[in-house]
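Have a look at the structure below before the remarks.
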Amino acid sequence: MKEPRRIAVGVTGASGVIYAARTIAALAAAGCRLEVVFSDYGRRLLLDELGPDAKVERLVDLLAARYGDEVRQGVLTMHSNKDLGAPLASGSHRCDAMVIVPCSMKTLAGVAHGLSRSLIERAADVMLKERRRLVLVPRETPMSLPALRNLVAAAEAGAMILPAMPAFYQQPKTIDDLADFIAGKILNALGFEQKLFAPWKDE
Ligand SMILES: Cc1cc2nc3c(=O)[nH]c(=O)nc-3n(C[C@H](O)[C@H](O)[C@H](O)COP(=O)(O)O)c2cc1C
């Protein structure tokens, strides 16, 4: 039997934690082994944007209630962002790919400059040095020149920049439709089939 794919997900303190929730739920429903790390501000935005019950410690229940029990098909391991001794911090640990969603400008700066100040930044650096897929989902507007330069530096180092910019050609009706679009793009970028939004057809 094929081994389930192991994917790291970093969630930082940019607006748009719903993109993280939808992405984690879809990867879990696809049967992935997920290694999830929230920054302190990622935790705060989870509460601010998804409500007082949205606690990291109850993430699987929260996602199951929101997106269905298929999310329980995945295995989700939560790591502290302070734990630089976690397996994710080492290139010898088998982790196929990583997404940071949403990615704050602060964490973007840390990744672009290889600072490895936290587990999220270190795991991203491991992805780059091991030439594995790293997807960054920045959310900020407008963007400063340092942030724009950091996006270029991260892209030059091998990261895929997938801005949290939902499209409107699929005629979204709800916030969930917008989140589905970005999560679907992330799944594609990580090499998964996705059914969260229908591909564009010119008809
Ligand atoms: C309500 C709220 C919304 C924020 N939204 C953004 C954002 O969209 N983009 C961003 O880069 N930072 C945003 N920030 C600032 C980051 O949370 C802050 O820079 C933090 O230090 C990021 O740390 P982290 O990358 O370790 O999560 C926001 C902060 C708060 C409190």
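Just so it is clear, none of the values below were taken in a lab; they were calculated from the coordinates. These numbers were taken from a predicted model, which means no experiment stands behind them. Please note: Cβ atoms are built from the backbone with ideal geometry, for glycine as well, and neighbour counts cover all protein chains shown.
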### Matching residues in segment 102-158 - criterion: being more than 8 Å from the ligand (Cβ to nearest atom), under 13 Å from the mean Cα position of the chain (by Cα) and among the small types (Gly, Ala, Ser)
Ala123, Ala124
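Taking the condition within 16 Å of the chain's Cα centre (by Cα) and over 18 Å from Glu49 (Cβ atoms), does Phe192 pass?
The answer is yes for Phe192.
Gly158 - would you say it is surrounded by fewer than 23 Cβ atoms within 10 Å (Cβ to Cβ) and either among the aliphatic types (A, V, I, L, M) or in contact (Cβ under 8 Å) with a residue 60 or more places away in the chain (or both)? It would help to see each step written out before you state the result.
Working: surrounded by fewer than 23 Cβ atoms within 10 Å (Cβ to Cβ): yes; either among the aliphatic types (A, V, I, L, M) or in contact (Cβ under 8 Å) with a residue 60 or more places away in the chain (or both): no.
Here the answer is no, as Gly158 does not meet what is asked.
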### Message
For segment 25-43, give me each residue that is part of a helix (DSSP H, G or I) and either surrounded by fewer than 23 Cβ atoms within 10 Å (Cβ to Cβ) or within 16 Å of the ligand (Cβ to nearest atom) (or both).
### Response
Ala29, Asp40, Tyr41, Gly42, Arg43
### Task
Give segment 80-126 a look and list any residue that's free of Cβ contacts under 8 Å to residues at least 60 places away in the same chain, within 17 Å of Val56 (Cβ to Cβ) and out of contact with any helix residue (DSSP H, G or I) (no Cβ under 6 Å at 6 or more places or on another chain), or say none.
Ser80, Lys82
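Would it be correct to say that Leu76 is more than 14 Å from the ligand (Cβ to nearest atom), free of Cβ contacts under 8 Å to residues at least 60 places away in the same chain and within 20 Å of Gly13 (Cβ to Cβ)? Spell out the reasoning first.
On the way: more than 14 Å from the ligand (Cβ to nearest atom): yes; free of Cβ contacts under 8 Å to residues at least 60 places away in the same chain: yes; within 20 Å of Gly13 (Cβ to Cβ): no.
The answer is no for Leu76.
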### Task
Could you grab me the full set of residues in segment 159-189 that are outside any loop (DSSP other than H, G, I, E, B), among the β-branched types (Val, Ile, Thr) and over 14 Å from the mean Cα position of the chain (by Cα)?
Ile175
### Task
Would you be able to tell me the number of residues in segment 161-183 that are in contact (Cβ under 8 Å) with a residue 60 or more places away in the chain and touching a Leu at 6+ places or on another chain (Cβ under 6 Å)?
2
### Message
Scan segment 76-89 and tell me whether some residue there is of a type in the set (Gly, Ala, Ser), outside any strand (DSSP E or B) and touching a strand residue (DSSP E or B) at 6+ places or on another chain (Cβ under 8 Å).
### Response
yes
### Task
Those residues that are polar (S, T, N, Q) and touching a Cys at 6+ places or on another chain (Cβ under 7 Å), I need them from segment 49-81; list them, please.
none
